[in-house]
1. Please enumerate the residues belonging to segment 56-107 that are open to solvent by less than 70 Å² (accessible area, probe 1.4 Å), of a type in the set (Lys, Arg) and assigned to a helix (DSSP H, G or I).
2. Looking at (1) touching a helix residue (DSSP H, G or I) at 6+ places or on another chain (Cβ under 9 Å); (2) farther than 15 Å from Cys90 by Cβ; (3) not charged (D, E, K, R), can you tell me which one Pro19 breaks?
3. Taking segment 40-54 as the region of interest, how many residues are closer than 17 Å to Thr75 by Cα and of a type in the set (Val, Ile, Thr)?
4. Can you give me the number of residues within segment 100-115 that are among the aliphatic types (A, V, I, L, M) and modelled with pLDDT of 95 or more?
5. Quick one: Ile30 ticks every box in (1) open to solvent by 40 Å² or more (accessible area, probe 1.4 Å); (2) within 20 Å of Pro114 (Cβ to Cβ) bar one, so which box is it?
6. List pairs: first residue in segment 144-160 and free of Cβ contacts under 8 Å to residues at least 24 places away in the same chain, second residue acidic (Asp, Glu) and crowded, with 19+ Cβ neighbours inside 10 Å anywhere in the structure, Cβ distance under 6 angstrom, at least six positions apart or on different chains.
7. Please specify each residue of segment 79-121 satisfying the condition of being over 15 Å from Thr50 (Cα atoms), small (Gly, Ala, Ser) and either touching a residue at least 12 places away in the same chain (Cβ under 8 Å) or in contact with an Asp or Glu (Cβ under 6 Å, 6 or more places away or on another chain) (or both).
8. Taking the condition surrounded by fewer than 18 Cβ atoms within 10 Å (Cβ to Cβ) and over 30 Å from Gly42 (Cβ atoms), does Gly143 pass?
Amino acid sequence: DQRIATLFYVMGLGLTRDPYLNMGVDNMWINVGTCQFHLPTGKPQVLRGTTGLVLPDIAALTHRLERVKPRLKGTMFDFRAKNGVVEATCPWGNHIRCHGPDAKKFGRVSLGMPYVEIDCPRGGSAGIARFYQEILETPATSGKDAKGRFTRVPVGLNESLVYRETDRELPPFDGHHVQIAL
């Protein structure tokens with residue numbers, strides 16, 4: 001539903017619709033710095049994980065999300081702000097974690113998508129790292145932090161795919177994708 005997508009991604013998150021590509025009513029490309037969300041009309045797809053965004057003003061973000069909340073009633077939309085981070089759920093169930101600019105964490109990015117964190121089964125991150133290292137010759141690294149085991153794959157300037165191990169049962173794959181440039 002392009003109207004609901006506009007309410008959340010443009011009016012709520014404060015992002016912009018690409019003015020040059022897919023200007024019809026069947027697909028919407030939403031710019032986030034040098035990245036985009038592609039939002040075609042049709043059955044919703046839900047990422048098994050979390051998309052991380054850097055937005056220039058977290059206080060303004062929470063104000064915008066509060067303003068669109070009544071218009072998104074009856075959807076899966078939700079958000080909460082805590083310790084300078086806004087955890088949002090889009091109307092279809094995608095999880096988006098919004099941060100303010102932070103040079104230590106995200107470099108000079110003031111608007112962008114520094115990470116997409118994809119849930120993977122327990123024990124799966126090491127094999128994912130090997131795939132990226134051996135097949136794509138990408139310097140993937142594995143580690144462990146407070147959230148558990150993960151593999152981080154750099155896919156652009158200050159951008160990464162993060163495969164996060166989880167014990168939760170993962171939903172069936174619905175065809176969602178992430179595009180990376182090689």
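1. Within segment 56-107, Arg64 is the sole residue that qualifies.
2. Looking at each condition in turn, Pro19 falls short on (1).
3. The qualifying residues number 2.
4. Selection size over segment 100-115: 2.
5. (1)
6. Once the first residue is free of Cβ contacts under 8 Å to residues at least 24 places away in the same chain and sits in segment 144-160, its partners that are acidic (Asp, Glu) and crowded, with 19+ Cβ neighbours inside 10 Å give Gly148/Glu165.
7. Ala81, Gly84, Gly100, Gly107, Ser110
8. yes
The values are calculated or read from the model by the stated rules, or taken from the named source; none is laboratory data. From a predicted model like this one, the values you see are computed outputs, not experimental measurements. Backbone-built Cβ (ideal geometry, glycine too); neighbour counts: all protein chains shown. Remember, those area values only see protein heavy atoms, side chains included, never the ligands or the DNA or RNA. Shrake-Rupley method; radii C 1.70, N 1.55, O 1.52, S 1.80 Å.
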